[in-house]
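Novice: Have a look at this one before I ask anything.
Computed from the coordinates by the stated procedures, all read-outs in this text should not be read as laboratory data. Please read these numbers as outputs of a predicted model, since none were measured by experiment. Every residue, glycine among them, receives a Cβ derived from its backbone with ideal geometry; neighbour counts consider all protein chains shown.
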Amino acid sequence: MTCTAPIFVGDVGTIFRLTVQECINDVLTIVDISAATALEFRFKKPDASVLTKTPIFTTDGTDGQLQYASIVGDLDQAGVWELQGKVTLPGGVYNTSIVTFDVDAVV
């Protein structure tokens with residue numbers, strides 16, 4: 001996830017996108033997640049509490065990407081947040097890398 005626009009407490013509609021990858025023979029490869037049986041985003045807030053949300057495919061899942069758009073009440077704390085995705089497939093469970101992002105206070 002790369003974001004150049006600032007994120008603020010209370011923002012609604014902020015898109016968070018992650019890509020599921022695995023290392024095969026020392027090559028980072030995108031995982032086809034189209035057959036997923038469960039999708040999950042875990043947001044770790046600055047106070048260490050965890051917010052769990054259900055993302056959707058960005059396209060059809062063959063690109064390994066999932067996304068979630070924030071709703072009212074999600075981004076409720078200023079500070080450094082962490083995000084990790086989890087995808088359950090018939091052949092196993094994949095967790096994405098953990099990404100961090102800042103949520104700024106509103107004046």
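Novice: Tell me, what does the Kirkwood hydrodynamic radius of segment 23-86 come to in angstroms if you use every pair of distinct C-alpha atoms? Show your work: numbers first, answer last.
Specialist: Numbers: mean 1/r = 0.0750 Å⁻¹.
Here the Kirkwood hydrodynamic radius works out to 13.3 Å.
Novice: So how many Å³ per residue does the convex hull of the Cα atoms of the chain work out to?
Specialist: On the way: hull volume 11.4 nm³, N = 107.
Dividing the Cα hull volume of the chain by its residues yields 107 Å³.
Novice: Okay, moving on. Only bridges with both residues in the chain count here: give the DSSP antiparallel percent, nearest 5. Working shown, then result.
Specialist: On the way: 31 of 32 bridges.
Counting DSSP beta bridges with both partners in the chain, the antiparallel share is about 95 percent.
Novice: Could you list 29, 19 so that the one with the fewest beta carbons within 10 Å of its beta carbon is first and the one with the most is last? Please list the in-between numbers first.
Specialist: Working: 29 12, 19 17.
Fewest to most other Cβ atoms nearby, the residues stand as 29, 19.
Novice: To continue, here is another question. Most exposed first by the Cβ proxy, i.e. fewest other Cβ within 10 Å, how do 66, 28 rank? Show your work: numbers first, answer last.
Specialist: Working: 66 25, 28 9.
Placing the least packed residue first, the sequence is 28, 66.
Novice: How high is the relative contact order of the chain, in percent, with contacts defined as C-alpha pairs under 8 Å that are six or more residues apart? It would help to have the intermediate numbers written out before the result.
Specialist: Details: 234 pairs, mean separation 36.7, N = 107.
So the answer I get is 34 percent.
Novice: With a sphere of radius 10 Å drawn around the Cβ of residue 40, what net charge do the other residues whose Cβ falls strictly inside it have (Lys, Arg +1; Asp, Glu -1)? Can you show the working numbers first?
Specialist: Details: positive: 42, 53, 86; negative: none.
Computed value for this residue: +3.
Novice: Another question, then. Just to confirm my numbers, what's the Cα centroid distance between segment 63-107 and segment 3-33 in Å?
Specialist: Centre-to-centre (Cα) distance: 8 Å.
Novice: Contour minus end-to-end for residue 44 and residue 69, with contour as 0.36 nm per residue of separation and end-to-end as the Cα-Cα distance? Present the calculation step by step, with values, prior to reporting the outcome.
Specialist: Numbers: separation 25, 0.36 × 25 = 9.00 nm, distance 1.60 nm.
Gain on extension, residue 44 to residue 69, equals 7.4 nm.
Novice: Please give the net charge around residue 30, taking every other residue with its beta carbon less than 15 angstrom from that of residue 30, where Lys and Arg add +1 and Asp and Glu add -1. Don't skip to the end; give the middle numbers.
Specialist: Details: positive: 17; negative: 22, 32, 60, 63.
With Lys, Arg at +1 and Asp, Glu at -1, the neighbours total -3.
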